[in-house]
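To keep things clear, I will list the structure first and then write my remarks on it.
The values are calculated or read from the model by the stated rules, or taken from the named source; none is laboratory data. Everything numeric here is computed off the predicted structure, so don't read it as measured data. We place every Cβ from the backbone using ideal geometry, glycine too, and count neighbours over all the protein chains shown.
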Amino acid sequence: MQGQEKISSSQCLLLFITLVTATAVLFVPAITAQEARQDGWLSALVFSTLFALLVAVICTSLGLRFPGRTVIQYSPEILGRFLGKLAGLGYIFFFIHINSIIVREFGDFLTTVFLPDTPIDIFVATLLLLGASAVRNGLEVIARMNQFVFPLLLFSYMLIIVLVARDMDLHNLLPVLEGGIGPVLKGSFSLSAFRGEVCLILMLLPSLNNSKEATLTTVKAVIWIGILLTVDTVATLAVFGPDITSVQVFPFLNLARYISLGNFVERIESLVILIWVAGVVVKVSLIYYVAALAAAQWFNLREYRPVVLPIGMLIGVLSIIGFSNSRELVEFIAKIWPPYGFSFELILPTVLLLAAMLRKKGGTRDAQKTRPASD
């Protein structure tokens, strides 16, 4: 099947960092502060990182047993045709559904904060048209696009952190573990589901130039994401304190608005717009590509491009009708998204890996079958 373009390990690393941080950076401080209070940075640094590391190791271990194939292709071999096809269909819906949530977040953010008189349908359609264009051009184009976008995102992010550094009061982070470990675990619950999005390696592993580096690459991405989100949370808590941070919808945006140096450097929230829009375009494009490729493989099509438009329309419709308002979206992310995400990010890959090991599917024998004759 066409669509199995090759990308380098470094491109994959940057894609995963953008995949998670593009949206999480705006919400994480508030999500963690609501439960963990001043210990929200521990939720971002420790427990959600451990969860994401577990996802990375299990998903790459599973994928490496079946070189050159995605989870859609080898699930029937592990579970049998019916259950394997059902698992593959579940992943297709999961990719489409989470993308519709991201698209809705994008639309709600822009209509709520910057352009309240613009219909959300306009933002949804624009984002999906950009995503469809990137997807039709393939994974390599998405990866190269991210290589251009990522330095801008990182620069904007670091600039905001540096400019608010003088206003940080680290006493807002004390006392550490005042309520024990329980609140920290609760604070990492929703965040862990965001961090588990690195499970996309189940679809992207065959596209790596060097699949042997898949585990290390994914682990590196998880660690870097943890560092960036921890710094984000520390900065927000240190400036606003846990009481204010916990009730904000977009605390990182308010952090940018807080900046004021003299009479010439202030209200630089346009940098947050840059982070959000550019990062979300890459994120939506990547998950859109994975959904299209998964659907094409499930239907045994030779090309994934014929399904790009139908999947884009389905994402758009779900993003509009899935939630009647922003409050429902926030409620879903806080309560339903974590167990829903865990099911496809960790539980199902673990079941597949254990079943493959018990039934002796994949592994060395499978690698030998796919090894070129010149070896």
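Residues being exposed (fewer than 15 other Cβ atoms within 10 Å of the Cβ) and not in a helix (DSSP H, G or I): count how many of those fall in segment 322-359.
The total comes to 3.
Tell me whether segment 252-270 contains one or more residues that are over 28 Å from His171 (Cβ atoms), in a helix (DSSP H, G or I), at pLDDT below 85 and within 14 Å of the chain's Cα centre (by Cα).
No, every residue in segment 252-270 fails to be over 28 Å from His171 (Cβ atoms), in a helix (DSSP H, G or I), at pLDDT below 85 and within 14 Å of the chain's Cα centre (by Cα).
Scanning for something of a type outside the set (A, V, I, L, M), touching a residue at least 12 places away in the same chain (Cβ under 8 Å) and on the phi > 0 side of the Ramachandran plot, does segment 41-62 turn up at least one residue?
no
Yes/no per residue for (1) of a type in the set (Ser, Thr, Tyr); (2) within 18 Å of Ser188 (Cα to Cα); (3) not in a helix (DSSP H, G or I):
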{"position": "Gln11", "(1), (2), (3)": "no, no, no"}
{"position": "Val28", "(1), (2), (3)": "no, yes, no"}
{"position": "Asp39", "(1), (2), (3)": "no, yes, no"}
{"position": "Thr49", "(1), (2), (3)": "yes, yes, no"}
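Looking only at residues that are among the small types (Gly, Ala, Ser) and surrounded by 18 or more Cβ atoms within 10 Å (Cβ to Cβ) in segment 90-120, which one is nearest to Ile311 (Cα to Cα)?
Residue satisfying both the conditions and the ranking: Ser100.
Could you give me the residue pairs with C-beta distances under 7 Å whose first residue belongs to segment 326-349 and is within 23 Å of Ile120 (Cα to Cα), whose second residue is among the aliphatic types (A, V, I, L, M) wherever it lies, and which are 6+ apart or on separate chains?
Trp337/Ala193
With the condition kept exactly as written, say whether any residue in segment 73-82 is closer than 30 Å to Phe148 by Cβ and of a type in the set (Val, Ile, Thr).
For segment 73-82, residues closer than 30 Å to Phe148 by Cβ and of a type in the set (Val, Ile, Thr): absent.
Based on what the data block shows, is Ile223 under 22 Å from Ile72 (Cα atoms), part of a helix (DSSP H, G or I) and either among the polar types (S, T, N, Q) or at pLDDT 95 or above (or both)?
No.
Before we move on, is Val20 assigned to a helix (DSSP H, G or I), farther than 20 Å from Leu170 by Cβ and among the β-branched types (Val, Ile, Thr)?
yes
Out of all the residues in segment 53-84, which are touching a Gly at 6+ places or on another chain (Cβ under 6 Å) and surrounded by 18 or more Cβ atoms within 10 Å (Cβ to Cβ)?
Val55, Arg65, Phe66, Ile72, Ser75
Could you please find all residues in segment 207-222 being surrounded by 14 or more Cβ atoms within 10 Å (Cβ to Cβ) and in contact with a Ser or Thr (Cβ under 7 Å, 6 or more places away or on another chain)?
Leu208, Glu213, Ala214, Thr215, Thr217, Thr218, Val222
Of the residues Ala165, Ala87, Ala134, which is surrounded by 19 or more Cβ atoms within 10 Å (Cβ to Cβ) and over 29 Å from Val330 (Cβ atoms)?
Sole residue among the options that is surrounded by 19 or more Cβ atoms within 10 Å (Cβ to Cβ) and over 29 Å from Val330 (Cβ atoms): Ala87.
Yes/no per residue for (1) more than 25 Å from Phe344 (Cα to Cα); (2) part of a loop (DSSP other than H, G, I, E, B):
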{"position": "Ile58", "(1), (2)": "no, no"}
{"position": "Ile72", "(1), (2)": "no, no"}
{"position": "Ser75", "(1), (2)": "no, no"}
{"position": "Phe82", "(1), (2)": "no, no"}
{"position": "Gly107", "(1), (2)": "yes, no"}
{"position": "Asp117", "(1), (2)": "yes, yes"}
{"position": "Asp121", "(1), (2)": "yes, no"}
{"position": "Ala132", "(1), (2)": "no, no"}
{"position": "Met145", "(1), (2)": "yes, no"}
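Every residue, every condition in (1) within 17 Å of the chain's Cα centre (by Cα); (2) closer than 30 Å to Phe94 by Cβ, yes or no:
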| position | (1), (2) |
| --- | --- |
| Cys199 | yes, yes |
| Leu202 | yes, yes |
| Asn209 | no, yes |
| Gly226 | yes, yes |
| Leu229 | yes, yes |
| Val234 | no, no |
| Ala238 | no, no |
| Pro242 | no, no |
| Val249 | no, yes |
